[in-house]
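Structure, as C-alpha cells:
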Amino acid sequence: MRWTRLLAVTLLCLCASPAVRSQASSAGPNTGDGAYPNTADGLHSLISDIYQAAKEKNRGKETTLIQSLLIPENSTWFTDVYGPGFGASLAAAYQRLRPTLQDDMTAIFEADAERGWPIPSVARYTGPEAVNAPLDHFLNSMNQIVPLYEAASTGASRSIYLSLKPGVPGRPMGGDLDGYFIYDHGGFRFLPTSILLMLPRERPVRIQLDMNAMQSKIVTQVPVRIPPEAIQKHISGRVVVDVVLDTKGNVKESKILQGDPILGAAVMDAFKEFRFAPTTLDGDPVEVEFQMPFEFQIH
C-alpha cells in the first residue's frame, strides 16, 4: 500500500483568543455521562482514549467510543443551530453520509495508532470575528453560536492521508479527521467539513414586506383605544408605525414614523399585543420589517 500526504487548507492560522488549544492528558477509562465535558480538554481526553484503545486493540472500547462520535438519529442539532430550512438540508446530507462514517473514523484512528501519529491538540472556536473563512461563515450562520472544535496534529491545519490501494481510491486512511466536533446530547460528535460547506454563502436575517403581504399574517389584533385627550382636542389624522418582527412573529421593534404623538402613543400601546404568523424564506424563519398605517377620524 502506498500513501500520499495531502496538506489540508490552512483555515485557522490566524485564530485569536476564541481558539484554545489543549494538551491535556487522558481522562482515563471512564466512558460514562460527563466523562468528556464540553471543553477542549474534554475532547482531547476522548481522542486520547480512542488512541489508547486502538493501540491496545481493545476493540470493544474503541468501537463504543467511535460510535459515540456519530450524531444521534433523533438529534435536532442541525435545525436547532441552523434553522428548519438550512438545518434540515444539512441533517439529510449527514444521514446519507452516516453509514460509512464510523468505518472511516475507525480506519483513521487505527492507522494513526499503528504509525504513532501524535494525539491531536484541540481548538475550540466561538468567535467568528477572529477566524478565517470558511469557519467564520459556519459560526455566523448559526441561530445562536455554539462551539465548534477542531483536532489537528500539526499546528493549525489538518493533515489527511488517503489510500492509493487499488479498489478503494481516495478512502481516508490516517491523519486528522476532516471536519469539526460539536457537542450534542451530552457528548462530542464528529461533523465532516463537507456537510457545513453546504451552507449557503449568505443567510438572510431580515426582509421587508408591504402591508398587503402582512395583513394575512395577523394572528392577534388589538383595537386601538382612542385617547381621551385626542377626543377632547379633536385630533385626527394618520399614524404610520415602522415594525420589526422577530422570527417567531412577535413585535421586536416599533417606532412612529408619522402622526400626532398622542395618537401614536395609543397605537404603540396596542401594538404590544399584536401577534403575527412567522415568515419564512426558503423554509427558514426570518425577521420582517414593514410599515403599518392607522387612520383616526375624530369629530
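Read-outs throughout are calculated quantities, based only on the coordinates presented, and are distinct from any laboratory measurement. Worth saying up front: this structure is predicted, and the values here are computed from it rather than measured. Cβ sites come from the backbone with ideal geometry, for glycine too, and all protein chains shown count toward neighbours.
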Cβ-Cβ cut-off under 15 Å around residue 114, Lys and Arg +1, Asp and Glu -1: the net charge is 0
May I ask you to sort 299, 185, 44, 234 by Cβ crowding, counting other Cβ atoms within 10 Å and putting the fewest first? 299, 234, 185, 44
Once the other residues with Cβ under 11 Å from the Cβ of residue 242 are scored (Lys, Arg +1; Asp, Glu -1), what is the net sum? -1
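Treat the count of other C-beta atoms within 10 Å as a stand-in for reagent exposure and order 210, 269, 284, 260 from fewest to most.
Fewest-to-most Cβ neighbours within 10 Å comes out as 210, 269, 260, 284.
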Hey, can you grab everything whose amide H is under 5 Å from the amide H of residue 71? Only 5+ residues off in sequence or another chain; H modelled, so Pro and N-termini drop out. 190
Rounded to whole Hz and in sequence order, give me ³J(HN,Hα) for the stretch 84-98 from the Karplus expression 6.51 cos²θ - 1.76 cosθ + 1.60, θ = phi - 60°, writing x for Gly and Pro. x, x, 5, x, 5, 5, 5, 4, 5, 5, 5, 4, 5, 8, 4
Only counting other Cβ atoms within 10 Å, I'd like 271, 78 sorted with the fewest neighbours first. 271, 78
3J(HN,Hα) from dihedral phi, the stretch 40-50, Karplus parametrisation 6.51/-1.76/1.60, rounded to Hz, x for glycine, proline: 4, 5, x, 5, 4, 5, 5, 5, 4, 5, 5
Each label sits 7 Å from Cα toward the beta-carbon; between residue 129 and residue 185 the label points are separated, in nm, by 3.6 nm
Cα centroid distance between the stretch 118-133 and the stretch 199-246, in Å? 43 Å
